[in-house]
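Okay, structure first, notes after.
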Amino acid sequence: MKSKKLAVIGGGASGLCAAIEAKYFDNSINATVFERMPKAGKKILVTGNGRCNFTNENLSPSHFYGDSIFLRRILTSAFADTENFFRSLGVLSFREDGRIYPRSQQASTIQQALVDAVEAADVKMRLEEPVTSLKKSGNIFFINGECFDCVIVAGGGRASPVHGSDGSAYPLLESIGHTKTNLYPALCGLTYKGKKLNMLKGVRAECKATLSADGKNLGEETGEIQFTEKAISGIPIMNLSHLVKKNKQLSLTLDLCADISYSELLEHLEGARGSTPEKELESVLSGVINTKLGFAVLNAAEIKAHTPIKVVTRSRIKKLCDILKGFEIEITGTRDFNNAQITCGGIKTDEICAETMMSKITEGLFICGEILDIHGDCGGYNLHLAWTTGRIAGCSAAQYLNK
Ligand SMILES: Cc1cc2nc3c(=O)[nH]c(=O)nc-3n(C[C@H](O)[C@H](O)[C@H](O)COP(=O)(O)OP(=O)(O)OC[C@H]3O[C@@H](n4cnc5c(N)ncnc54)[C@H](O)[C@@H]3O)c2cc1C
């Protein structure tokens, strides 16, 4: 009997897992991965700063965004045990604050393990072959004019196109009736107004960050933030970036002393007035926060850095405490797709069956990974979705072909 032909569009995290799982289910399937880049899994190599934070110990639904019922089915699926999946491919893990990395702490370990598994399963990898057309006629799919019995679309989103996912897979799905929601970059820095903060380039600080729009609190996160030339970044900021709303007055409030209460801070600064009256404010503040941040706080309070603390009134000290506990920054938006880790929005999940990842619109078409309208926090959650949805799609596609 002629073997059934499966095509996977996209050789990234989800596509490679889909191909592997399809072949695990039925090794006689003739599986081909179409990848537009010269290398498969290129993006995996840059994840987690080159270490690949591939999943997390805490997979609570609160770390994921999108249709909650759809997500619950994915997260509770038999394919959601990412750590054991990679262990079965020979990769041991390493844990850091709940985040899980390969034990080698090299993203190339994960990428190579997948490429090796794909090769061992005898999947045809067609590199530098972008798919530009997807059609179905009767029971047959046509990919760039070539016939297949079943297709998995795993083309990723629009984030970081230099690593492959340029958004070219969305029109393929739209051409056969799927709809996508608005797309916007996330897990990226927030851009700010004015040049006043440029002097903070390179500064890192532990703080609580609260994002608001038109005065309404959108969310808050605690951790280390970083100031860069064009934006404010760091895990807490990246986790807030998906909440940014267009056409709203956005503001970021930083509690630069989140671990100290207001009254303790006030007591400390007032105490300095008594114990070191000649000390200039600049050096008093350097005992509390990063020196450059201290300058920015004094600028915002309109107090000269060289003012001896003895001449600073209680109300001015209170003003300094207010700013230290609530440093306001006007936000203009997020960085663009070139500088984002993920795409928010995507193919509508109510058009897809969560148990199989099969399209409800076109039988035999499966969709997985970041191209879907679901995403997660920073911390291994997006790769976790990519591996899991990819594996579900692969196994279900093989079952479909065996019907
Ligand atoms: C810098 C960076 C760091 C990150 N770090 C982490 C991390 O540590 N942990 C984490 O969980 N997530 C991380 N992510 C996010 C994570 O990498 C993605 O969510 C994940 O790779 C999505 O997997 P995917 O398979 O859906 O898409 P992708 O990995 O983007 O793969 C899609 C593939 O499809 C190919 N393709 C697209 N269109 C076509 C077409 N028309 N024809 C043929 N091929 C096509 C692309 O070339 C690409 O190889 C990071 C992302 C970036 C950019």
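Below, the figures for the structure above:
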{"item": "Mean Cβ neighbour count within 10 Å, used as a protection proxy, ranking 383-394, 240-251, 341-352 highest first", "result": "383-394, 341-352, 240-251"}
{"item": "Cα-based shape type of the chain, given that a ≥ b ≥ c are square roots of the gyration tensor eigenvalues and the cut on a/c is 1.5", "result": "prolate"}
{"item": "Residues 228, 307 arranged by fewest to most Cβ contacts within 10 Å", "result": "307, 228"}
{"item": "√(5λ) per eigenvalue of the Cα gyration tensor, segment 9-143, largest first, Å", "result": "27, 19, 15"}
{"item": "Proxy reagent accessibility, fewest Cβ within 10 Å first, across 400, 381", "result": "400, 381"}
{"item": "Label point distance in nm, residue 267-residue 24, each placed 7 Å from Cα along Cα→Cβ", "result": "5.7 nm"}
{"item": "Net dipole in debye of the chain [+1 Lys, Arg Cβ; -1 Asp, Glu Cβ; about Cα centre; nearest 20]", "result": "660 debye"}
{"item": "Filter on 23/135; 230/304; 180/208; 208/230; 230/310 - keep pairs with C-alpha separation over 31 Å", "result": "180/208; 230/310"}
{"item": "Nearby lysines by direct alpha-carbon distance to residue 42 (threshold 21 angstrom, same-chain neighbours under 8 apart not counted)", "result": "124"}
{"item": "Loop-resident sites, segment 274-348, for GluC sites (Glu not before Pro), counting at most 15 other Cβ within 10 Å (DSSP)", "result": "278, 302"}
{"item": "Residues residue 322 and residue 136, FRET efficiency given R0 of 51 Å [Cβ-Cβ distance, rounded to 0.05]", "result": "0.25"}
{"item": "Rounded tilt (10° steps) of 314-325 against the dominant C-alpha axis of the chain", "result": "10 degrees"}
{"item": "Ranked packing of 9-22, 34-47, most packed first, by mean Cβ within 10 Å", "result": "9-22, 34-47"}
{"item": "For segment 265-403, Kirkwood radius (reciprocal of mean inverse C-alpha pair distance, Å)", "result": "19.7 Å"}
{"item": "Low-density loop positions, trypsin sites (Lys or Arg not before Pro), segment 124-198 - DSSP coil, at most 13 other Cβ in 10 Å", "result": "193, 195"}
{"item": "Spin-label model distance (nm) - residue 302 vs residue 76, 7 Å beyond Cα toward Cβ", "result": "5.8 nm"}
{"item": "Taking 125, 199 and counting other C-beta atoms within 10 Å, the order from fewest to most", "result": "199, 125"}
{"item": "Charge dipole magnitude, Cβ of K and R +1, D and E -1 - segment 189-335, Cα centre, debye nearest 20", "result": "580 debye"}
{"item": "Cβ-defined net charge surrounding residue 132, 14 Å radius [Lys, Arg +1; Asp, Glu -1]", "result": "-3"}
{"item": "Spatial separation of Cα centroids for segment 26-50 and segment 278-315, in angstrom", "result": "54 Å"}
{"item": "Efficiency of FRET between residue 314 and residue 103 - r from beta-carbon atoms, R0 60 angstrom, step 0.05", "result": "0.60"}
{"item": "Cα-based radius of gyration of segment 169-315 once divided by 2.2 N^0.38 Å, which approximates compact folds", "result": "1.37"}
{"item": "Relative frequency of Cα-Cα separations exceeding 20 Å in segment 123-252, percent", "result": "60 percent"}
{"item": "Förster radius 22 Å - calculated FRET efficiency between residue 282 and residue 193, Cβ distance, rounded to 0.05", "result": "0.30"}
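The numbers here are math on the coordinates, done by the rules we state, and not lab data. Not measured: the values here are computed from a predicted model. Positions of Cβ are backbone-derived with ideal geometry, glycine not excepted, and every protein chain shown enters the neighbour counts.
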